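Quick notes on the structure that follows.
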Amino acid sequence: MMKFWAFVLLLSFAGPATAQQSDGRSAAELHSLQEFPAGQPGPLRILEDAMVAKPFTVTGPRGALLGQQDGSFEAWVFPWKILSHMRITAEMKDYTVPIDVNEQAASMDVQPGHTTITFSHANFTVREVLFAPQSAPDGAGALAYYQIQAVRPMTLTFSFTPEMQRMWPALSDDRPSPEWVKEGQSGFYILHLNFPDHAAALAMPTAQYGILAPYQERPKNYPLQFVIHFDPATDRDKLYPLLITTADTAATATASALAARLQTLDRDFQKLYSDTQNHFRRFSSERMSIETPDEKLNQAFAWAEVAIDQLRVQTTPSHDETALVAGFYNSGDSARPGFGWYFGRDALWTLYAVNSYGDYQLAKDELNFLIKRQSPEGKMIHEWAQTADLVDWKSLPYAYASADANPLFLMASEDYLKISGDTQFIQANWDAIQKTWTFETSHDSDGDGIYENTEGSGWVESWPPGMPHQEIYLAVLDQQASTAMAGLARATGHAELAQQAESRAARIGAAIEKEYLLPGGGFYAFSRNADGSTDPSPTIFPAVASWDGSYKLQHPQPMLDRWAAQEFSTDWGTRDLSPTVPFFDPISYHQGTVWPLYTGWIAVSEYRNGRSLSGYAHLMQNAGLTWAQDPGAVTELLSGQFFAPLGRSTSHQLWSSAMVISPVIRGLFGLEWDAAGKKLMVTPSLPAEWDQAKLHHVPFASGDLDLEMTRDGAMLVVRRSSAQPVALASLTPGAKWAANELRIPLPAVEAGVSHGLPEAGSTTQQMKVLDQQYSANSLTLRLAALGGSQQTIMLRVNDMRAKPRVEGAQIQQTGSSSLRPVQVDFGAGEGYVEKTVKFTW
């Protein structure tokens with residue numbers, strides 16, 4: 001009979017308060033814990049083979065475990081990097097080959113509350129279970145424990161590099177000096193720094209130390225080791241914790257104080273685990289969820305919410321604020337774990353998703369965090385390091401480096417107001433809102449009435465022709481921020497200011513058409529120079545004009561055609577820059593890579609401009625990335641040439657996950673809120689293959705409601721269940737709200753396209769829908785695909801009186817009477833060729 005044992009890793013940061021007193025046990029007498037019930041797997045789970053070259057992230061409010069899927073990792077208790085390169089080796093009795101356990105990594109089991117990596121060998125199975133406590137006493141950061149089954153007795157050696165580095169940019173000491181403190185038959189390590197007010201302690205009951213070079217030995221860096229002797233005949237059903245704590249005062253850095261803190265963590269271990277699992281169970285049950293015929297999309301949407309929630313981080317050392325950090329990734333030999341600190345614009349773009357799924361508290365926490373750090377002149381922050389209070393942060397060029405946080409702050413604040421109806425919060429923060437507005441409207445050096453890059457970067461942080469004077473990205477945000485300010489002012493009784501802001505929005509819209517529309521009307525310029533000339537580089541940034549639904553460019557159609565084509569659209573997302581530009585580089589940061597953020601902007605713009613087929617393809621690309629690299633999270637950026645993330649791409653990126661949610665809710669389902677008017681706009685564009693869809697826990701004012709959408713012939717019927725008196729409406733012509741249901745006319749005929757990410761390393765080869773145009777009795781699609789290829793689209797007939805005919809394709813006689821495949825043959829040609837398919841009835 002095989003036996004079972006487990007070892008636990010617990011990370012903690014001891015604040016300035018005195019550590020709790022010991023209950024009398026020494027560190028060597030820390031009790032081994034009985035195995036506790038881990039609980040049944042939840043409905044949200046990713047189970048897949050471990051890919052040793054791919055990363056994983058386990059993050060929480062006070063710490064993180066960041067590693068590779070071979071199970072190696074680094075451990076953070078914010079803002080300290082405690083250790084790195086955690087690896088395991090095994091030596092078995094009568095088996096004279098040492099085993100690198102990490103090389104046996106077989107599977108990943110990722111759930112919201114924990115991640116398990118299983119190592120499989122003929123003689124043993126080891127499971128590494130990792131989680132980050134959500135509700136923890138002062139000091140707790142991240143945990144891991146190891147479940148072991150073995151045939152023979154074995155010695156396990158846990159090796160790691162002691163780090164004790166503060167997160168960038170704070171200075172850190174020399175490498176720590178380890179000391180082994182013997183306690184009974186075991187002991188613990190203290191990691192000393194040069195001064196007595198900073199130290200860390202690590203303990204694993206019953207463990208012995210491994211390599212510990214004496215002072216007399218030549219200087220060399222060795223790993224620290226815990227050595228555990230495991231006998232399956234006697235050591236069963238136990239948990240042995242590896243505890244880690246740090247101290248930042250001389251009083252808490254003594255051996256006795258550190259030992260007492262280790263005992264407290266040992267005692268609370270099971271509660272930390274169960275509280276974390278309960279947090280995510282509650283989170284998933286209370287936030288918006290979608291129920292569609294596409295289970296993968298349902299899962300991706302739920303994972304995106306979780307991935308955002310996992311990036312809530314408390315400020316240190318006080319832990320009195322919570323805000324969103326931009327993302328995490330293994331730091332390697334640096335002290336920069338991806339973008340694991342606070343970014344203004346990243347969080348503000350993400351608040352559109354947070355508002356959509358109804359986490360009002362997180363939205364307010366983030367807005368309050370930004371307000372507290374607003375400059376005296378009214379500028380919102382770009383970056384705020386976790387260690388900002390340990391350096392002269394404002395003297396560095398990061399705090400207010402970008403200009404777009406100001407308009408985004410106004411836009412996200414109004415979005416929160418429209419959904420929550422929380423006028424009280426807006427009124428309480430009116431001074432900060434007015435300062436933001438004053439700053440934005442008073443920085444216009446050339447007199448065109450539009451906010452400029454002179455106050456920081458708009459979008460790009462580098463641009464080969466030279467940094468722009470004013471980007472269209474910033475100009476269209478300024479226009480939408482003006483409309484948002486009008487809404488905020490009107491809701492708080494500032495009628496005159498509301499009128500001024502509306503008038504400014506109209507003036508900016510007219511100025512953009514005059515200054516940015518290129519001759520011939522085929523594209524809008526990337527930027528405008530101080531002398532009035534423009535940079536005509538074709539980019540995706542004009543798509544941002546459609547973001548909040550209040551504004552549209554007057555001539556978007558030619559751009560929409562090109563954004564949907566292979567020029568911009570790869571099979572895994574959207575490039576920001578056309579390859580026709582001489583400085584295009586598919587692996588540069590700003591000049592040709594694919595960002596899920598860009599893909600989300602494009603998808604929302606396409607849905608708002610009647611291009612639902614291309615919008616759906618882009619939406620599903622972002623959703624598919626949930627499983628592509630860091631399971632459950634969406635990466636920062638990918639190559640513009642091959643389907644592969646960049647090597648330094650932050651694998652768990654905040655706004656990338658947000659761009660799964662926003663295109664679904666505000667694009668595919670077309671929700672727009674008016675809590676003050678007790679009205680919810682619903683303008684869906686369901687895929688042709690879907691008969692129905694449901695949305696649960698849609699936030700509205702102080703409560704929520706459910707929506708059910710069902711096809712009924714040539715109508716889409718939307719019903720809502722809510723205790724609130726909420727009326728439904730739609731932007732679709734002919735929609736009617738009566739008898740507690742919204743009836744939305746559907747076109748007689750619809751088309752559908754397939755979706756799916758390509759194999760890793762692929763180039764772009766999938767069909768693109770460049771344009772879709774309806775008339776009274778026709779649907780015309782302009783398609784592009786590789787020359788000589790055969791493609792399939794789906795034809796849905798909503799009105800059975802319609803007898804569809806097709807030009808440029810063949811309707812197949814398979815499928816149902818309402819849903820049939822259509823074969824499209826593309827003529828010979830090199831690369832992509834275009835074809836028009838027209839349905840008439």
Using a ≥ b ≥ c from the Cα gyration tensor of region 311-456 (square roots of the eigenvalues), is it rounded, prolate or oblate, where a/c under 1.5 gives rounded and otherwise the larger of a/b and b/c decides, a/b for prolate?
oblate
Points 7 angstrom from Cα along the Cβ direction at residue 803 and residue 122: gap in nanometres?
7.2 nm
Report, in degrees rounded to the nearest 10, the 0 to 90 angle that the Cα long axis of helix 472-491 makes with the longest principal axis of the chain.
90 degrees
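Past the 21 Å Cα-Cα mark, which pairs from 372/435; 54/238; 379/552? Present the calculation step by step, with values, prior to reporting the outcome.
Details: 372/435 13 Å; 54/238 31 Å; 379/552 27 Å.
Cα-Cα > 21 Å for 54/238; 379/552; rest within.
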Just to confirm the filter: which GluC sites (Glu not before Pro) across region 324-433 are DSSP coil and have at most 13 other Cβ within 10 angstrom of their Cβ?
377
Between residue 96 and residue 510, what is the label-point separation in nm under the 7 Å Cα-to-beta-carbon projection?
9.1 nm
For the chain, longest principal axis from Cα atoms; helix 344-357 axis from its Cα atoms; angle between them, nearest 10 degrees, is 80 degrees
Charged-residue dipole, Cβ positions (Lys, Arg, Asp, Glu), region 273-412 about Cα centre, Debye nearest 20
160 debye
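Between residue 644 and residue 336, what length comes free when the chain is fully extended (0.36 nm per residue of separation minus the Cα-Cα distance, one decimal in nm)? Mind showing how you got there, number by number?
Numbers: separation 308, 0.36 × 308 = 110.88 nm, distance 2.22 nm.
In short, 108.7 nm is gained.
Per residue, how much accessible area does region 200-336 have with a 1.4 Å probe, in Å²? Write out the running numbers ahead of the final one.
Details: 5490 Å² over 137 residues.
Value for region 200-336: 40 Å² per residue.
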Region 156-259 - percent of accessible surface contributed by carbon and sulfur, probe 1.4 Å
52 percent
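Residue 222 to residue 462: extension gain in nm, 0.36 nm per residue of separation minus the Cα-Cα distance? Write out the running numbers ahead of the final one.
Numbers: separation 240, 0.36 × 240 = 86.40 nm, distance 4.08 nm.
Between residue 222 and residue 462, full extension yields 82.3 nm more.
When the chain is fully extended, how far beyond the present Cα-Cα distance does residue 296 get from residue 53, taking 0.36 nm per residue of separation? Kindly include the intermediate steps, with their values, before the conclusion.
Values: separation 243, 0.36 × 243 = 87.48 nm, distance 2.42 nm.
Answer, rounded to one decimal: 85.1 nm.
Quantify, in whole percent, the carbon and sulfur part of the accessible surface of region 413-472 (1.4 Å probe; protein heavy atoms only). Could the numbers behind the result be given before it?
Numbers: 1020 of 2210 Å².
That fraction is 46 percent.
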List the trypsin sites (Lys or Arg not before Pro) within region 787-841 that fall in a DSSP loop (any state other than H, G, I, E or B) and whose Cβ has at most 16 other Cβ atoms within 10 Å.
801
Using only Cα atoms, tell me the angle between helix 255-286 and the longest principal axis of the chain; keep it within 0 to 90° and round to the nearest 10.
30 degrees
Once you put a point 7 Å from the Cα of residue 503 and another 7 Å from the Cα of residue 195, both along the Cβ direction, what distance in nm separates them?
5.8 nm
List the residues of region 723-740 whose backbone N lies under 14 Å from a point placed 7 Å from the Cα of residue 424 along the Cα-to-Cβ direction.
none
Relative contact order of region 62-141, pairs being alpha-carbon contacts under 8 Å that are 6 or more residues apart, as %
27 percent
Can you tell me the relative contact order of the chain? Whole percent, Cα pairs under 8 Å, sequence separation 6 or more.
10 percent
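Taking a quarter of the surface of the Cα convex hull of region 232-379, what do you get in nm²? Intermediate results must be reported in sequence, preceding the final value.
Values: hull surface 59.7 nm².
Mean orientational projected area (region 232-379, Cα hull): 14.9 nm².
Over region 315-391, with every protein chain in place, what whole percent of the accessible area is carbon and sulfur at 1.4 Å, could you tell me?
Working: 1000 of 2080 Å².
Looking at region 315-391 in its full context, I get 48 percent from C and S.
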With a 1.4 Å probe and every protein chain left in place, work out the accessible area per residue of region 34-157 in Å², rounded to a whole number.
34 Å²
Sorting check: for 163-170, 479-486, which peptide has the highest mean count of neighbouring beta carbons within 10 Å, and how do the rest follow?
479-486, 163-170
Would you mind getting the accessible area per residue of region 600-741, heavy atoms of the protein chains only, 1.4 Å probe, in Å²?
30 Å²
Not counting ligands, DNA or RNA, and with a 1.4 Å probe, what is residue 192's accessible surface area in Å² rounded to the nearest 10?
70 Å²
Under the rule rounded for a/c under 1.5, else prolate if a/b exceeds b/c, else oblate, using alpha carbon gyration tensor axes a ≥ b ≥ c, region 83-230 is classed as oblate
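The values are calculated or read from the model by the stated rules, or taken from the named source; none is laboratory data. Because the structure is a prediction, the values reported are computed rather than measured. Cβ sites come from the backbone with ideal geometry, for glycine too, and all protein chains shown count toward neighbours. Ligands, DNA and RNA are excluded from the accessible area calculation, which covers all protein heavy atoms including side chains. Shrake-Rupley method; radii C 1.70, N 1.55, O 1.52, S 1.80 Å.
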